[in-house]
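What follows is one structure encoded as structure tokens, with my remarks underneath.
FYI, it's all coordinate maths here, none of it is from the lab. As the structure is a prediction and not an experimental result, all values here were calculated from the model. Neighbour counts are summed over all protein chains in view; Cβ atoms, including those assigned to glycine, are modelled from backbone coordinates with ideal geometry.
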Amino acid sequence: MNTKQLLNWYKENARDLPWRKTTDPYLIWVSEIILQQTRVVQGIDYYHKFIEKFPSLHKLAAANEQEVLKAWEGLGYYSRARNLHFTAKDLINNYQGKFPSDYIGLLRLKGIGPYTAAAIASFAFGQKVPAIDGNVMRFLSRYYGLENNIASSSEVKIFRQKAEKIIDPDNPGLFNQAMMEFGAMQCTPSSPDCGKCIFQQQCIAYQTGKVNQLPVKIKIQKIRSRHLHFFLIYCEGEFLIEKRTEKGIWKNLYQLPLIETNSKNLKEEEMKEFLRKYNLKTGKNAKKINSLTHLLSHQKLHINFWILNTCTSTGFFIEPKDIERYPFPIVIAKFLDNYFN
Ligand code: SF4
């Protein structure tokens, strides 16, 4: 591949994104973690908000987890925020507040995988390591006619080896940015504008009519269905919330008291157990007020919201005006917002 041609394309076509104007590893790290499961347009707002609240590694490390999760509310995949916070403290406590400047050292940090380590190492420290994300693999797959499965971790290394051979040793960071941008903006997942592509002549997929068949992506993924019943236990202008402490996607976020059932319906016995747990006299006036389905990457959540007007001495009650102070999964935050506003 003619990397000079690629870099020229990048200079003319790159989007003006805030994290591209810096070599500060902290800012690059935050932006990369935000962008892992988030579209760029949405990511920009979160990035600005996050950096404003936690402008440095020290500020992030000194924050409490609740503040970090609150800044992350709505982005999903909250383990990213928990890992950011953990690693910020780890860097302050064990690395003199500095990021390791090499790929292997970065990989040792929690929440930093091969792609993020390569991005930080090359953008911030000029290391010659290719950063391989979905955009890069799509572009490489089509350009070289590679039929390896991009969803298989053992086959991703084929793409890495290919990129290692072509990475520009003088500008590894710029090269990585250009590869990613080319995949995102030119060699797009569907209907790439091959007619205007600078690599049309060399691109094997284009030359052999395989653009729509590449890259190969075969995912074996089981979607788990779950049935969740959240109760708005409302007592004299306040309602009960609790912190999720068990492992899982919503760890350390807040929620309404919950009954999880195996099937759609809530059984009498399950309700009784719930009433016992929260020391409630009766659940007779419980009323279902909303039902919805919420999709996560590996789970389909069937969610029911109930209201129960009753008081109890058990649990932690807050006023609706204090909702803002607690991080909730977005589906609960939206429900509370609709209900109280
Ligand atoms: S010709 Fe089409 S498929 Fe090939 S690199 Fe260009 S945009 Fe991608």
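Name the residues in the range 145-179 that are over 13 Å from V216 (Cα atoms) and aromatic (F, W, Y), would you? The one that is over 13 Å from V216 (Cα atoms) and aromatic (F, W, Y): F175.
Within the range 35-64, being in contact with a Lys or Arg (Cβ under 8 Å, 6 or more places away or on another chain) and either polar (S, T, N, Q) or under 22 Å from I132 (Cβ atoms) (or both) holds for Q36, Q37, V40.
With the checklist (1) assigned to a helix (DSSP H, G or I); (2) over 23 Å from N252 (Cβ atoms); (3) touching a Leu at 6+ places or on another chain (Cβ under 6 Å) in hand, flag the one item I307 doesn't pass. Evaluating I307 over (1) assigned to a helix (DSSP H, G or I); (2) over 23 Å from N252 (Cβ atoms); (3) touching a Leu at 6+ places or on another chain (Cβ under 6 Å) leaves (1) as the failure.
Evaluating K157 against the criteria (1) within 16 Å of the ligand (Cβ to nearest atom); (2) part of a helix (DSSP H, G or I); (3) under 29 Å from L296 (Cα atoms); (4) under 25 Å from the mean Cα position of the chain (by Cα) leaves one unmet condition, (1).
Just one of the numbered conditions (1) among the aromatic types (F, W, Y); (2) within 16 Å of the chain's Cα centre (by Cα); (3) within 30 Å of Q255 (Cα to Cα) is not true of Y115: (3).
Within the range 25-34, can one find any residue that is of a type in the set (S, T, N, Q) and closer than 19 Å to G134 by Cβ? There is at least one residue in the range 25-34 that is of a type in the set (S, T, N, Q) and closer than 19 Å to G134 by Cβ. Entry remark, the range 177-236: residues being closer than 30 Å to I307 by Cα and either touching a Pro at 6+ places or on another chain (Cβ under 8 Å) or within 11 Å of the ligand (Cβ to nearest atom) (or both) number 3 in total. Looking across the range 115-146, the residues that are more than 21 Å from Q186 (Cβ to Cβ) and outside any helix (DSSP H, G or I) come down to G126, Q127, K128, V129.
When you check V30 against the structure, is it closer than 22 Å to R244 by Cβ, crowded, with 18+ Cβ neighbours inside 10 Å and not basic (K, R), yes or no? Taking the combined requirement at face value, the residue does not satisfy it.
Name the residue that is surrounded by the fewest Cβ atoms within 10 Å (Cβ to Cβ), counting only residues in the range 165-184 that are more than 21 Å from the chain's Cα centre (by Cα) and more than 13 Å from L140 (Cα to Cα). Here the answer is P169.
For the range 258-278, check the following and say yes or no: at least one residue is in contact (Cβ under 8 Å) with a residue 60 or more places away in the chain, assigned to a strand (DSSP E or B), β-branched (V, I, T) and under 28 Å from S79 (Cα atoms).
Going through the range 258-278, the residues in contact (Cβ under 8 Å) with a residue 60 or more places away in the chain turn out to be none.
Within the range 258-278 (the criterion being in contact (Cβ under 8 Å) with a residue 60 or more places away in the chain, assigned to a strand (DSSP E or B), β-branched (V, I, T) and under 28 Å from S79 (Cα atoms)), the answer is no, since none of the residues qualifies.
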